[in-house]
1. Could you work out how far helix 135-156 tilts from the main Cα principal axis of the chain, as a 0 to 90 degree angle to the nearest 10?
2. When the dipole is taken about the Cα centre of segment 1-71, and only Lys, Arg (+1) and Asp, Glu (-1) are charged at their Cβ, what size is it in debye, to the nearest 20?
3. Please report Rg over Rh for segment 102-161, where both radii come from the alpha carbon positions and Rh follows the Kirkwood definition.
4. What chymotrypsin sites (Phe, Trp or Tyr not before Pro) in segment 122-158 are in a loop by DSSP, with at most 16 other Cβ atoms within 10 Å of the Cβ?
5. Length gain on complete extension for the stretch TYR40 to ASP59, per 0.36 nm per residue less the alpha carbon to alpha carbon distance?
6. Only Cα pairs under 8 Å and at least 6 apart count here; give the relative contact order of segment 1-99 as a rounded whole percent.
7. Which is the longest stretch in the chain that no exposed loop site breaks, taking sites as GluC sites (Glu not before Pro) with a DSSP loop state and at most 14 other Cβ atoms within 10 Å?
8. Leaving out ligands, DNA and RNA, what percent of the accessible area of the chain is carbon and sulfur, probe 1.4 Å?
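The values are calculated or read from the model by the stated rules, or taken from the named source; none is laboratory data. Note that the coordinates shown come from a computational prediction; the quantities given were computed from them, not determined experimentally. Methodologically, a virtual Cβ is constructed for each residue, glycine included, from the backbone with ideal geometry; neighbour enumeration extends over all protein chains shown. Only protein heavy atoms, including side chains, enter the accessible area calculation; ligands, DNA and RNA are left aside. Shrake-Rupley method; radii C 1.70, N 1.55, O 1.52, S 1.80 Å.
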Amino acid sequence: MNIHQYLISRFYSAFNEKDFETMNACYSDDVQFFDPVFGYLQGDEVKAMWEMLCRQAKDLRIEYGNIQSLDEEYATCNWTAHYTFSKTGHKVVNRIKAHMRIQNGKIIEHSDAFRVSDWAGQALGLKGKIFGWMNFMKKRIQRNARKSLAEFMESSRPSGS
């Protein structure tokens, strides 16, 4: 197993265990992240996102595989998240392609690619199936995700900060 395979396996195994601390230890402090739901995040925002998702997950199950080192810095893998979307109670099976850039044994860039319309149809039900492919719905989903993250980060601050 090479360093990319080890690091990515460690990250997704920790995610399956809802161990956000180990996940975040796989990242550099100034990591950059992008996905269709949260958009672009940096550093502490990325780490807070994984903490929020792990803390809120009730029935999360992660599968991952097909880890490929593309060169000395870049790697990809496929992963699938199985969970119940807390806001609607709908079951979601989200199939994702991850792209990561790794330097000095840490992930410095991470992007997840998946169809928002597929996710919306599962997570939001009929409304997501009908409107999930439209830009206004994609923007609304992202705005709501960012708002949830901002509220989580605010509530997680130590008092007096």
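1. Roughly 70 degrees between the two axes.
2. Working: 6 positive and 12 negative charges, 55 e Å.
Rounded to the nearest 20 debye, it is 260 debye.
3. Numbers: Rg = 16.1 Å, Rh = 14.0 Å.
Reported Rg/Rh, Kirkwood definition of Rh: 1.15.
4. Numbers: sites: PHE131, TRP133, PHE136, PHE152; in loops: TRP133.
The qualifying sites are TRP133.
5. Numbers: separation 19, 0.36 × 19 = 6.84 nm, distance 2.63 nm.
Extra length available between TYR40 and ASP59 comes to 4.2 nm.
6. Numbers: 143 pairs, mean separation 21.2, N = 99.
Worked out over segment 1-99, it gives 21 percent.
7. Working: sites that count: GLU17, GLU72, GLU73.
Free of exposed loop sites, the longest segment is 74-161.
8. Details: 4420 of 8970 Å².
Roughly 49 percent of what the probe reaches on the chain is carbon or sulfur.
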